[in-house]
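The values are calculated or read from the model by the stated rules, or taken from the named source; none is laboratory data. Everything numeric here is computed off the predicted structure, so don't read it as measured data. With ideal geometry, Cβ positions are generated from the backbone for all residues, glycine too; neighbour counts draw on all protein chains shown.
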């Protein structure tokens, strides 16, 4: 396992992992707690919208037939029966020669079929009664929003697998979904391996570094919609690591470790997978960074061995863990979307394998540009703070120039199938 590592092309590595992707169970949550969750059921209109004929303006509800032939020279005068606002209903049906003063959003009185806006009406009082004068004819249905014109009852408005954003939440509230069926978040255990690691709150000492990878991966899991659980750091001791991983497998949907997957004397994860009798899907990928990314499976549970180098760890997660999490959440399109963009500066480093450069988007003079976010080395952590895309550079190239068209994988919004080239 240590010596026979043949680099696997990225698309093939992704395909192998996705063979073990599955849809997770669902659960009911109150509408107040559903933000960002993934719908496990279609949202249907439970009633027509609007549920009644209503006025879009402040004005007067009338019978269009009563206004036939009206003009400046032949105005019509209508007795104003009453005033109704949104949420109120007229006391009775409208009769010939009558009008109802109506506010925006109020239900049309029975018998009325048009609304004359205030601006074209003149009101007055005579003999203790309210009257309105109109000097133009109206058409039936004029200035009326008809029942069900926005949507009919039973129509599917949002399909399952959709993230709940503020607009979706508005629909849920509109149609009375006080409890919402969503996909459960996958629970993902995270170990950090390496005797050299300190926790975030520990002071630096010679030869040690703080454990940034675990916090980064936990944040990536959360951004992807999962629930990450930090299980602590593991020293470079085989039996300790083996027992910890073996115990944790049964408690989580997926398990991730950072570090320990290369071929050094203290890289223990390959031997742990071997003792677990796990099926190693791959242990070397034809990519930079993250070529040592390893994924194994044991009894249906995926075990991710991510690189100990921060940028390599970051890229490995987005390529191989993110789509599996999306599948668990019921997303029909589990991959990050990608776009074509213009490279904003030279990148002269040769690319023997496909390279995934941490970068950011910029919009300049109507064009979408991408720039490397910083130094392109797998051990670099500082560039990750500004990363929102992975710039894909083909393998077998001797570098790229400013102005070249490149593929950019968007990390902030899930969408379409990947198209690795």
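Residue by residue, here is whether (1) surrounded by 16 or more Cβ atoms within 10 Å (Cβ to Cβ); (2) touching a residue at least 24 places away in the same chain (Cβ under 8 Å); (3) in a strand (DSSP E or B) holds:
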{"site": "66", "(1), (2), (3)": "yes, yes, no"}
{"site": "71", "(1), (2), (3)": "no, yes, no"}
{"site": "83", "(1), (2), (3)": "no, no, yes"}
{"site": "100", "(1), (2), (3)": "yes, yes, yes"}
**OP:** Would you mention how many residues in segment 154-166 are surrounded by 13 or more Cβ atoms within 10 Å (Cβ to Cβ) and either in contact with a helix residue (DSSP H, G or I) (Cβ under 7 Å, 6 or more places away or on another chain) or part of a loop (DSSP other than H, G, I, E, B) (or both)?
**Re:** 7
Subject >> Tally of residues being free of Cβ contacts under 8 Å to residues at least 40 places away in the same chain and in the same structural domain as residue 254 (by TED's automatic domain parsing) across segment 156-196 >> reply: 1
Original post:
Looking at (1) modelled with pLDDT of 90 or more; (2) buried (at least 20 other Cβ atoms within 10 Å of the Cβ); (3) within 24 Å of residue 350 (Cα to Cα), can you tell me which one residue 303 breaks?
Top reply: (3)
Original post:
Name the residues in segment 167-224 that are assigned to a loop (DSSP other than H, G, I, E, B) and within 25 Å of the chain's Cα centre (by Cα), would you?
Top reply: 175, 176, 177, 178, 184, 185, 186
**OP:** Kindly indicate which of 259, 232, 228 is at pLDDT 90 or above, crowded, with 22+ Cβ neighbours inside 10 Å and in contact with a strand residue (DSSP E or B) (Cβ under 9 Å, 6 or more places away or on another chain).
**Re:** 228
Original post:
With respect to residue 61, is the statement that it is over 27 Å from residue 114 (Cβ atoms) and under 48 Å from the mean Cα position of the chain (by Cα) true?
Top reply: no
Original post:
If you take the residues of segment 354-400 that are closer than 19 Å to residue 312 by Cβ and free of Cβ contacts under 8 Å to residues at least 24 places away in the same chain, which of them is surrounded by the most Cβ atoms within 10 Å (Cβ to Cβ)?
Top reply: 373
Subject >> Every residue from segment 123-153 that is assigned to a strand (DSSP E or B) and buried (at least 16 other Cβ atoms within 10 Å of the Cβ) >> reply: 130, 132, 134, 145, 151
**OP:** Only residues that are surrounded by 20 or more Cβ atoms within 10 Å (Cβ to Cβ) and either modelled with pLDDT of 70 or more or under 22 Å from residue 187 (Cα atoms) (or both): list them for segment 262-276, please.
**Re:** 268, 269, 270, 272, 273
Original post:
Filter segment 238-257 for residues that are over 24 Å from residue 183 (Cα atoms) and in contact (Cβ under 8 Å) with a residue 40 or more places away in the chain; which is farthest from the chain's Cα centre (by Cα)?
Top reply: 241
Subject >> Of the criteria (1) more than 35 Å from the chain's Cα centre (by Cα); (2) surrounded by fewer than 12 Cβ atoms within 10 Å (Cβ to Cβ), which one residue 120 fails >> reply: (2)
Original post:
Looking at 84, 102, which one is more than 20 Å from residue 149 (Cβ to Cβ) and modelled with pLDDT of 95 or more?
Top reply: 84
**OP:** Kindly indicate whether residue 76 is over 30 Å from residue 164 (Cα atoms), touching a helix residue (DSSP H, G or I) at 6+ places or on another chain (Cβ under 7 Å), in contact (Cβ under 8 Å) with a residue 40 or more places away in the chain and not assigned by TED's automatic domain parsing to the domain that holds residue 295.
**Re:** yes
Original post:
Which numbered condition trips up residue 361, out of (1) farther than 24 Å from residue 24 by Cα; (2) not in a strand (DSSP E or B)?
Top reply: (2)
